[in-house]
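Q: Could you have a look at this structure, given as structure tokens, before my questions?
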Amino acid sequence: MATVIPSKPAPIKNNHPIVGDRVIEGDGTSCDAWQNWSGLQNMPRLNVATSFPAHQRVCIFAPHPDDEVLGCGGLLQHLANNGNPILLVHVTNGTQSHPDSQIYPPKALDIIRPQESIAALEALGISHQVKVISMHLTDGDVFAEQAQFHQKLAAIIQPEDVLVTPFIHDGHPDHEATGQVVAAFAKQHRLACYQVLIWAWHWATPADSLIPWSCAFKVDLTPEQLKRKSQAIHCFTSQITIDESTGNPPILSAQTIARISQPWEVYLYEPIP
């Protein structure tokens, strides 16, 4: 039987067999550290209108329902304003986020988390412009199901799609599996692929050599877009509240939410050779 890893990580020992030393534990790097880093302040801006031509469909891959908002809540609004068709792919339904919970057992989360995602898209004001599908892969075990993942991709992706996926070294096993499978598929089929930083903001530090900053681009959010993103994050009630049946703290801590709620998002992109 495969080992199930929670959809949002509990403390992980150093040198995890999948993520190595990209561990997600403790408070992580502070918001101030990132905000004061000149590399982020001087990072080139991504022009969404020119980088994502309006006629092209954009496929956003979320390892778990909520990752699309945590990582791409601003980009999603830009794409909707730009008129792009948007396909949101939930790789798993995030059913293992609350081990041993009486409030959030897997069968309940299989319904709750996708519903929270729909509410979040409504908070972003874009629900009518986004098609949502689920691959129904096993939460916490995406690496073991890479072959199935690739087969499902082949059935979903169209020749001119632009793909957006978590960073291949984002620090959560399901994020890294998603990033690696999607990036490899994009390279094989010569499709544009953007990798978004999500949990990397926690474990990495400014100028961290494990992140290829030379191909990083910043997407700025307007105050209204940031407000909507914040409202969307707070639609994921299962992830932001204490589990009273176990006494466990929220999966997304206040610091995690603050760190991901900046007026920018960062994407890594290398042009198709």
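Q: Put +1 on the Cβ of each Lys and Arg and -1 on the Cβ of each Asp and Glu in the chain; which of Met43, Phe167, Ile24 then has its Cα farthest toward the positive end of the dipole?
A: Among Met43, Phe167, Ile24, the one farthest towards the positive end of the dipole of the chain is Met43.
Q: Another question, if that's okay. Among Thr95, Ile240, Pro263, which residue has its Cα positioned farthest towards the positive end of the charge dipole of the range 56-269, with +1 placed on the Cβ of Lys and Arg, -1 on the Cβ of Asp and Glu, and the dipole taken about the Cα centre?
A: Comparing the listed Cα positions along the dipole, Pro263 ranks first.
Q: I'd like to know which of Leu226, Phe149, Leu70 lies farthest towards the positive end of the charge dipole of the range 56-269, counting +1 on Cβ of Lys and Arg and -1 on Cβ of Asp and Glu.
A: The Cα lying farthest towards the positive end belongs to Leu226.
Q: Of Lys131/Lys218; Lys187/Lys227; Lys187/Lys218, which ones are farther than 31 Å apart at the Cα?
A: Lys187/Lys227
Q: Relative contact order, percent, of the chain when contacts are C-alpha pairs under 8 Å separated by at least 6 residues?
A: 26 percent
Q: Using a 10 Å Cβ count of at most 14 others and DSSP loop calls, identify the longest part of the chain lacking such GluC sites (Glu not before Pro).
A: It runs 26-159.
Q: Taking the alpha-carbon centroid of each part, what is the distance from the range 158-190 to the range 78-114 in angstrom?
A: Centre-to-centre (Cα) distance: 18 Å.
Q: Placing unit charges on C-beta atoms (Lys and Arg positive, Asp and Glu negative, everything else neutral), compute the dipole magnitude of the range 56-269 about its Cα centre in debye, rounded to 20.
A: 560 debye
Only the coordinates and a few stated rules stand behind these numbers; no lab work does. Everything numeric here is computed off the predicted structure, so don't read it as measured data. Because the Cβ atoms are built from the backbone with ideal geometry, glycine has one as well, and the counts that use them run over all protein chains shown.
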